[in-house]
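Trainee: One structure is given below, represented as structure tokens, and several questions about it will come after.
The values are calculated or read from the model by the stated rules, or taken from the named source; none is laboratory data. Computed from a predicted structure; not experimentally measured. Please note: Cβ atoms are built from the backbone with ideal geometry, for glycine as well, and neighbour counts cover all protein chains shown. In case anyone asks, the SASA skips ligands and DNA or RNA and just uses the protein heavy atoms, side chains included. Shrake-Rupley method; radii C 1.70, N 1.55, O 1.52, S 1.80 Å.
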Amino acid sequence: MQIAETLLIAIEELSKLPGIGKKTAQRLALHIIKSDKESAEKLAKAIIDLKEKLMLCKKCFNLSEDELCDICKNPKRDQSTICVVEEVSDVIAIEKSHEYNGLYHVLGGVLSPLMGIGAENLRIKELINRFHDEEIKEVILALNPDTEGETTSLYLAKLIKPLGVKVTRIARGIPIGGDLEFADEATIGKAMLNRIDL
């Protein structure tokens, strides 16, 4: 059976999204075809807006529509605490728990010598610079509890402790080898409340 090239291109592009295989991409493409033109245009605009309107916060590297994200701009947040995470998706997961009211710092990954990712590839220097510009009393390391996350946590603790800042990590409510992004709000909330000293 011959399939229209436009549909094939849409399926190919949709299947490039994480977690979307060819069959799911085909279902999505067919759903878009069945929906009205206005819905398709809203979806297309939302995707373009993601690329054109969002940038990284110049302070914490969370996603933002301005130079500073809404979290960094919020004076009601605890300005003396920074939660260090691997990716923006981890900020979203922690925020959903409603148990943390401080600031964030998104590293953009974790140390992984096997993958060629060293300290210079992460936003570690920018994190350390924040201690000179801000009055930080505690750093919470909320990295995934896998080998790379643990290695990065220990590395950061060695850098930060000499600065006289308390270093904690979230409790072990997150399963070993799991991702914060996929943990439920209650588990993340308990992990934030029961964090421990490093």
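Trainee: Working only within region 13-43, note down all residues that are open to solvent by less than 70 Å² (accessible area, probe 1.4 Å) and either in a loop (DSSP other than H, G, I, E, B) or not aliphatic (A, V, I, L, M) (or both).
Mentor: 15, 20, 21, 24, 35, 39
Trainee: Could you look through region 69-81, keep only residues that are open to solvent by 30 Å² or more (accessible area, probe 1.4 Å) and assigned to a strand (DSSP E or B), and pick out the one that is nearest to residue 190 (Cα to Cα)?
Mentor: 78
Trainee: For the condition surrounded by 14 or more Cβ atoms within 10 Å (Cβ to Cβ) and not basic (Lys, Arg), what is the one hit in 46, 4, 10?
Mentor: Only one candidate passes the filter, namely 10.
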